[in-house]
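Chemist: The structure follows.
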Amino acid sequence: LLQPVDDLPPATIVTQVVRDGDELRITGISHDNGDITGVTVNGRKAECAAQVAGVVDWKIRMPRPADGKLTALAVDRAGNTEQTAHRIDLG
């Protein structure tokens, strides 16, 4: 029998960036055909809410990056890392 392999990476989108003093509150959504095990923004682990059908809402508070750039990406249970992370230049 065939042994299906999950080789599809997840997809992530940042839905909101709010400046709160010296910090940013960032929220987003990630989707995968399986389970998402983690989301990072600029290498920092985001807090993931309950996952339903491969979709997870996430949020993170962090200092504004010195270069003004955000990169958000997800990893799934099969170890697939997003190849085209969502990038935002805050200017």
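The values are calculated or read from the model by the stated rules, or taken from the named source; none is laboratory data. Predicted model only: the values in this text are computed from it and were never measured. Neighbour counts run over all protein chains shown; Cβ positions are idealised from the backbone, glycine included. Just so you know, the surface numbers come from the protein's heavy atoms only, side chains and all, with ligands and any DNA or RNA stripped out. Shrake-Rupley method; radii C 1.70, N 1.55, O 1.52, S 1.80 Å.
To keep it simple, each residue is scored yes or no on (1) touching a residue at least 40 places away in the same chain (Cβ under 8 Å); (2) open to solvent by 90 Å² or more (accessible area, probe 1.4 Å).
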position: H31; (1), (2): no, yes
position: T37; (1), (2): yes, no
position: G68; (1), (2): no, no
position: A74; (1), (2): yes, no
position: T81; (1), (2): yes, no
position: H86; (1), (2): yes, no
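Chemist: How about the range 9-29: which of its residues are open to solvent by less than 50 Å² (accessible area, probe 1.4 Å) and closer than 14 Å to T81 by Cα?
Modeler: Listed by number, the residues that qualify are P10, T12.
Chemist: Right, something else. Among the residues of the range 7-21, is any assigned to a loop (DSSP other than H, G, I, E, B), over 16 Å from the mean Cα position of the chain (by Cα) and within 19 Å of L90 (Cα to Cα)?
Modeler: Yes, the range 7-21 has at least one match.
Chemist: Residues to consider are A46, A74; find the one that is closer than 15 Å to V17 by Cβ, touching a strand residue (DSSP E or B) at 6+ places or on another chain (Cβ under 7 Å) and not charged (D, E, K, R).
Modeler: The match here is A46.
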